[in-house]
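To start, the structure itself, in structure tokens.
The values are calculated or read from the model by the stated rules, or taken from the named source; none is laboratory data. Because the structure is a prediction, the values reported are computed rather than measured. Cβ sites come from the backbone with ideal geometry, for glycine too, and all protein chains shown count toward neighbours.
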Amino acid sequence: MASDQAPRGVVLVVDDEPGVRALARRILEGGGYGVVEAGNGAEALTVMESAARVDFLIADLDMPVMRGEEMTRKIRALRPDLRVLYVTAHSELLFKERPELIDGEAFLDKPFTMRGLLEAVSLLKAGYIKEPPPAPVSTLRRWLKALTGARTR
Amino acid sequence: MTIEPATVHRLKNQLAIIMGFCELLLSDLSPDSKHRADVIQIQTAGQSALDQLPQLAAH
């Protein structure tokens, strides 16, 4: 990302594995996004309270200290508009804890590809555009699934 | 041999990192780079290990 350009959005990447955070940062910065990181849910809450701007949350579900689902629930209480991408190797775990994803939430299977992550974030962003011409959410979900393997509910 | 689910999860994460950085390297390397084939070897081995993980998971 060129330093003189405003980021397309700022993403908070929460994962207890530093290598996964580093990978996501490289991919997202290459796609023009700003990135902030947290190693667990408690850190993420602190970042949310102190960061000047966060537009997207990328959340691992299976983390120590505070599980991803609990973290997201607390963060969403502060920022109901925040768009959330769950990145998980255990999508069945996500839907056990959250039978229904709400608008502005999606999930992406881990391991993710460079293209998959960028398209998932981009489409999550597009899915929130309220101005015309809005594509039906069901259409966005089909695109997301077809293009990236990411799934939304 | 079986592996506990938590260990499988950690291994999957590590392999995901290896695979992801291979992909980043490949996107940066020129098409005729002499390193491209090496990175593809790493990526292929990583994918193979990833594919074998479910068979090693303890039930």
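Among the residues of this structure, B:GLN52 does not count as one that is within 25 Å of A:LEU118 (Cα to Cα), modelled with pLDDT under 95 and part of a helix (DSSP H, G or I).
Of all residues assigned to the stretch B:14-33, none qualifies as being farther than 19 Å from A:VAL20 by Cβ, small (Gly, Ala, Ser) and assigned to a helix (DSSP H, G or I). Just so you know, in the stretch B:1-39 the residues that are exposed (fewer than 14 other Cβ atoms within 10 Å of the Cβ) and among the aliphatic types (A, V, I, L, M) include one that is nearest to the other protein chains (Cβ to nearest Cβ), and it is B:ALA6.
The condition of being crowded, with 19+ Cβ neighbours inside 10 Å and touching a residue at least 12 places away in the same chain (Cβ under 8 Å) holds for only one of A:ALA42, A:ALA51, A:ALA24, that being A:ALA24. Hey, any hits in the stretch A:126-137 for a residue that's modelled with pLDDT of 55 or more and over 23 Å from A:ARG8 (Cβ atoms)? No, because not a single residue in the stretch A:126-137 is modelled with pLDDT of 55 or more and over 23 Å from A:ARG8 (Cβ atoms).
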